[in-house]
Amino acid sequence: MVLRRFSWINALLCMAQVCSVPVKCSLQRRLVQTCHHLLDSMGGAFPFRCLDDYVLVPFPKAAFESNTRQETVALEKSIYITLEYINSMLNDHELPDQWTSQEKLDYFLHIVFRLIEENKCVMSKTQDSLDDFLKREASLRAYFQNITAVLIEKDYQYCAWEFARFKILHALQFILNNDSQ
């Protein structure tokens, strides 16, 4: 009886270990969808009272274009860099109390961190044109620096965070619409 129970426990532990091993270097689309949904549900539509604080910051669409097979690695790296910028922006500053749920925010940040950890190996992939990736990275850096500048200029007030949330949602939606995997 004890041997049978021990065998079952070992089998369950082995199965749990195998099932919990993450898939490396493959963006899990459902996790990005979950992130988008969580962030969207934290504040709803862009508040009408914040329209005066809205600043035009064009999204760097070119960072996510992939017309050829060779550009796929650059696209994967762009997605990875975007996730890092999102993680950094939301972890480095105090977030607004008005966002509906600290639990949702923590879950969102956990998923973003997980996506970053599971896809670190993307950055070690080689590609034909380093210049192509450097241009993409520069445009993403400028985009997120502009968002951060708005946060600083508006003293991290609620409407500035709503602007940042709106721009992050746009980035996540763009990843979902243009991810080739």
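Read-outs throughout are calculated quantities, based only on the coordinates presented, and are distinct from any laboratory measurement. Not measured: the values here are computed from a predicted model. Cβ coordinates were reconstructed from backbone atoms using ideal geometry, including for glycine residues, and neighbour counts include every protein chain displayed.
Worth a mention:
- Over the range 27-178, relative contact order from alpha-carbon pairs under 8 Å, at least 6 apart, %: 44
- Between residue 135 and residue 45, the contour length at 0.36 nm per residue exceeds the alpha carbon distance by 29.2 nm.
- Total formal charge among the other residues, if their Cβ is under 14 angstrom from that of residue 151, Lys/Arg +1 and Asp/Glu -1: -3
- Pairs over the 25 Å Cα-Cα cut-off, from the set 120/154; 104/135; 61/120: 120/154; 104/135.
- Compactness of the range 27-178 - radius of gyration and Dmax, Cα, Å: 15.4, 47
- Each Lys or Arg adds one and each Asp or Glu takes one away; over the other residues whose Cβ falls under 13 Å from the Cβ of residue 160, this sums to -2.
- Modelled spin-label separation between residue 28 and residue 157, with each label point placed 7 Å from Cα along the Cα-to-Cβ direction: 3.9 nm.
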